[in-house]
1. Hey, A:E7 hits all of (1) part of a loop (DSSP other than H, G, I, E, B); (2) at pLDDT below 85; (3) within 30 Å of B:A177 (Cβ to Cβ) but one; which does it fall short on?
2. Those residues that are of a type in the set (F, W, Y) and assigned to a helix (DSSP H, G or I), I need them from the stretch B:23-64; list them, please.
3. Which numbered condition in (1) modelled with pLDDT under 95; (2) at the interface with chain B (Cβ under 10 Å from one of its Cβ atoms); (3) out of contact with any Leu (no Cβ under 7 Å at 6 or more places or on another chain) is the only one that A:I44 fails?
4. Quick one: which residue in B:I72, B:I17, B:I5 is β-branched (V, I, T), surrounded by 14 or more Cβ atoms within 10 Å (Cβ to Cβ) and part of a loop (DSSP other than H, G, I, E, B)?
5. How many residues does the stretch A:17-38 contain that are more than 7 Å from chain B (Cβ to nearest Cβ) and over 27 Å from B:G20 (Cα atoms)?
6. Output the number of residues of the stretch A:50-69 satisfying the condition of being among the hydrophobic types (A, V, I, L, M, F, W, C) and within 7 Å of chain B (Cβ to nearest Cβ).
Amino acid sequence: MSASAEEVKKHVKTYWGVFGALLVLTAVTVAVGYKHLPIHWAIIVCLVIALTKGTLVGGYFMHLFGEKKIILWCLALTVFFFFLVLLLPVIVVQEDAVTGPMWSPAPAGSAPVEAPAHE
Amino acid sequence: MDELIPYIYKPHPVTGITNGKFGTWLFLASEVMLFGALFSAYIMLRVGSESWPHGYQELHVAWAALNTVVLIFSSVTIVMAWVSLKLNKFTNFRIYMGLTLLCSLAFLAVKSVEYMDKFHHQHYPWTSNFFGIYFTLTGLHAIHIIGGIVVNAYLMGPGAKLWKTNPEQFTGRIECAGLYWHFVDLVWIFLFPTIYLL
């Protein structure tokens with residue numbers, strides 16, 4: 001963000017406001033953690049709070065709100081691949097369900113596979 | 001200098017930002033993938049295991065919550081350090097950068113106490129998958145904190161000489177260091193509930 005001194009001055013209050021919001025959201029996260037909710041609800045609530053906090057940090061502190069398009073496009077691409085990596089376990093599990101385990105042990109009684117001879 | 005390394009403090013005509021800032025964002029994108037792979041490993045280990053302890057049963061939530069507050073505060077202080085330079089207040093910059101460094105050292109101190117407690121209770125990275133991924137994720141994050149401390153200490157100390165000769169370039173460097181520091185904070189924001197609360 002290439003802001004002028006005047007613009008930056010206006011943002012100071014926002015930064016401290018975001019700090020306050022982040023503190024409140026942290027307190028809520030801890031409170032939810034101590035509630036010992038069922039795991040699926042705990043995941044949803046904790047992720048929603050973490051995403052909100054992440055948006056505040058990225059949007060205001062890293063100035064992503066109003067950042068140049070080239071950075072936003074790079075980040076969009078990164079987010080796509082990030083979720084692809086996160087989904088890999090799900091893809092592997094589904095693969096197992098359809099074609100059998102990918103790393104299944106050899107059936108009992110089958111001949112051991114010999115390692116290729118080194119030259 | 002401009003002929004040797006172009007667009008170090010003037011925006012590049014194509015991207016609209018300095019090369020340093022663009023490079024920092026690309027570096028952060030690679031960091032997202034690094035942590036993404038480890039989060040993916042965490043999900044795979046947790047989903048694939050027959051039993052997995054809740055973080056709050058094995059770890060100290062209060063210490064981690066304290067560290068979250070410390071990191072969030074350091075995010076504000078580093079952005080205020082950048083604001084101070086924009087407003088031409090170098091003394092304020094030193095104060096805010098000093099506070100950022102103090103917070104980062106406090107974070108490491110709390111993390112060390114936490115690790116010592118784990119070792120005291122015979123919990124090591126090889127004890128279980130839970131502790132394996134706990135030490136890997138938090139350890140990698142701590143290494144990033146140490147990297148940030150080195151860069152921020154340099155910019156507050158010897159690196160600050162640049163302010164006298166090229167304030168615009170120095171302000172750009174603080175902005176890039178700030179982006180990295182906010183990223184480290186961002187990672188912790190997701191690590192904290194994932195490891196400690198779920």
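The values are calculated or read from the model by the stated rules, or taken from the named source; none is laboratory data. Predicted model, so just to flag it, every value in this text is computed and none were measured. Note that each Cβ is placed from the backbone with ideal geometry, even for glycine, and that neighbours are counted across all protein chains shown.
1. It fails just one condition, (1).
2. Within the stretch B:23-64, B:W25, B:F27, B:F35, B:F39, B:Y42, B:Y56, B:W63 qualify.
3. Status for A:I44: all satisfied but (2).
4. When all the criteria are applied, what remains is B:I17.
5. Residues meeting the conditions: 14.
6. Summing the residues that are among the hydrophobic types (A, V, I, L, M, F, W, C) and within 7 Å of chain B (Cβ to nearest Cβ) in the stretch A:50-69 gives 4.
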